Amino acid sequence: MSTYSKEFKEEAKRLADEIGMKKAAAQLGIPYYTLADWRNRSKHKPKETVELSEEELRIRNRELEREVAELREANNILKDALGFFAKDRKR
């Protein structure tokens, strides 16, 4: 089993994006499915998280709390409307 460097894999993926998977695999002398596996793994790799400052976290928290309040209010309106239409339907 061959072991390829990280740089080789990155270049192989770039080449595949430019000329296609089959051509890149043939040109590099590697199996098509190996190249496809490298590409799939990089697509499904979790994104790196960004560190937020304490102030940014407070701001984001306020935004989320405001959004939760709006959604709760909308949910209550929908519940009231559902009750209204359900009563109307029974008549």
Look through region 30-86, keep the residues that are basic (K, R) and not in a helix (DSSP H, G or I), and return whichever of them is surrounded by the most Cβ atoms within 10 Å (Cβ to Cβ).
K45
In region 27-71, the residues that are hydrophobic (A, V, I, L, M, F, W, C), under 30 Å from A16 (Cα atoms) and under 23 Å from the mean Cα position of the chain (by Cα):
L35, A36, W38, V50
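No value in this document is a laboratory result; all are computed from the given coordinates. As the structure is a computational prediction, the values presented were derived from the model and not from experiment. Methodologically, a virtual Cβ is constructed for each residue, glycine included, from the backbone with ideal geometry; neighbour enumeration extends over all protein chains shown.
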